[in-house]
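The values are calculated or read from the model by the stated rules, or taken from the named source; none is laboratory data. Predicted model, so just to flag it, every value in this text is computed and none were measured. Counting neighbours? That spans all protein chains shown, and the Cβs are built from the backbone with ideal geometry, glycine included. Accessible surface areas use protein heavy atoms only, side chains included; no ligands, DNA or RNA. Shrake-Rupley method; radii C 1.70, N 1.55, O 1.52, S 1.80 Å.
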Amino acid sequence: MLDYLMRLQFLIIDSSFEYITLGLYAEKEYSSYLSKLENFSCKFISQYSDDENFVVSPISLYFPLAINIATCDTETKNEILTALNMSEKEVIDYSKYLFSNLISASSNHQVKLDNSIWIDRNINVKNKCLENLADNFYTSSFYLNIKNDNANSNKLICEYVKQCTNDLIE
């Protein structure tokens with residue numbers, strides 16, 4: 001059975017770009033997608049100087065890009081797909097599966113994922129788009145009065161982030 005499984009590696013980067021891996025297993029047909037995701041993460045990380053310490057979550061970098069693929073025009077969408085080296089079908093088909101697997105793997109590790117989109121009340125967004133984001137990327141949608149009450153909108157977003165991170169980010 002393990003022949004049909006592979007590891008997705010979450011990278012915790014130190015100054016020498018060594019990493020610690022936490023295993024997540026997935027079906028064999030999913031391995032190409034995971035490999036592309038890992039390659040994208042490594043390319044992103046390699047752009048940083050090795051004299052800095054930093055931590056990056058490849059998943060936290062990937063999901064906003066995936067969400068944008070579902071909402072952007074063709075040119076922007078193609079640029080993101082090129083950077084990820086993935087097809088739109090791969091992103092749509094596997095993002096939901098990846099999210100579910102990360103959450104189910106959290107019994108041994110603290111994993112908290114949350115995707116959200118914040119929309120000004122004056123902007124018309126098609127319900128089909130919001131449903132796609134909710135169904136395929138577990139993305140919550142919130143309407144705020146961003147244009148006319150930016151300070152309060154920022155406060156509400158900050159409160160949301162604080163709540164989602166158990167007060168780790170204010």
Checklist entry - Is it true that some residue in segment 52-69 is in contact with a Lys or Arg (Cβ under 9 Å, 6 or more places away or on another chain), within 23 Å of residue 117 (Cα to Cα) and either of a type outside the set (Phe, Trp, Tyr) or modelled with pLDDT of 90 or more (or both)? => result yes
Item to check | Matching residues in segment 139-170 - criterion: being in contact with a helix residue (DSSP H, G or I) (Cβ under 6 Å, 6 or more places away or on another chain), of a type outside the set (Val, Ile, Thr) and at pLDDT 90 or above | outcome: 141, 144
Item to check | Where residue 169 falls short, out of the listed (1) buried (at least 16 other Cβ atoms within 10 Å of the Cβ); (2) in a loop (DSSP other than H, G, I, E, B); (3) among the aliphatic types (A, V, I, L, M) | outcome: (1)
Checklist entry - Any idea which residue in segment 147-166 is least open to solvent (accessible area, probe 1.4 Å), counting only those that are within 26 Å of residue 95 (Cβ to Cβ) and outside any helix (DSSP H, G or I)? => result 165
Item to check | Subset of segment 91-135 (residues that are over 27 Å from residue 168 (Cα atoms), open to solvent by less than 50 Å² (accessible area, probe 1.4 Å) and at pLDDT below 90) | outcome: 92
Item to check | Where a residue in segment 92-104 is free of Cβ contacts under 8 Å to residues at least 24 places away in the same chain and its partner, wherever it lies, is open to solvent by 50 Å² or more (accessible area, probe 1.4 Å), with Cβ under 7 Å and at least six apart | outcome: 103/111
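Got a number for residues in segment 137-146 being open to solvent by 40 Å² or more (accessible area, probe 1.4 Å) and either on the phi > 0 side of the Ramachandran plot or outside any loop (DSSP other than H, G, I, E, B) (or both)? Before the answer, list the steps.
Here is the first cut: in segment 137-146, the ones open to solvent by 40 Å² or more (accessible area, probe 1.4 Å) are 138, 140-143, 145-146.
So of that shortlist, the ones also either on the phi > 0 side of the Ramachandran plot or outside any loop (DSSP other than H, G, I, E, B) (or both) come out as 138, 140-143.
Residues that pass the stated criteria total 5.
Do you know which residues across segment 109-131 are charged (D, E, K, R), touching a strand residue (DSSP E or B) at 6+ places or on another chain (Cβ under 8 Å) and outside any loop (DSSP other than H, G, I, E, B)?
The one that is charged (D, E, K, R), touching a strand residue (DSSP E or B) at 6+ places or on another chain (Cβ under 8 Å) and outside any loop (DSSP other than H, G, I, E, B): 120.
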Item to check | Condition check for residue 134: more than 23 Å from residue 59 (Cα to Cα), hydrophobic (A, V, I, L, M, F, W, C) and part of a helix (DSSP H, G or I) | outcome: no
Item to check | Top-ranked residue in segment 54-88 [being in contact (Cβ under 8 Å) with a residue 40 or more places away in the chain and outside any helix (DSSP H, G or I); ranked as farthest from residue 99 (Cα to Cα)] | outcome: 54
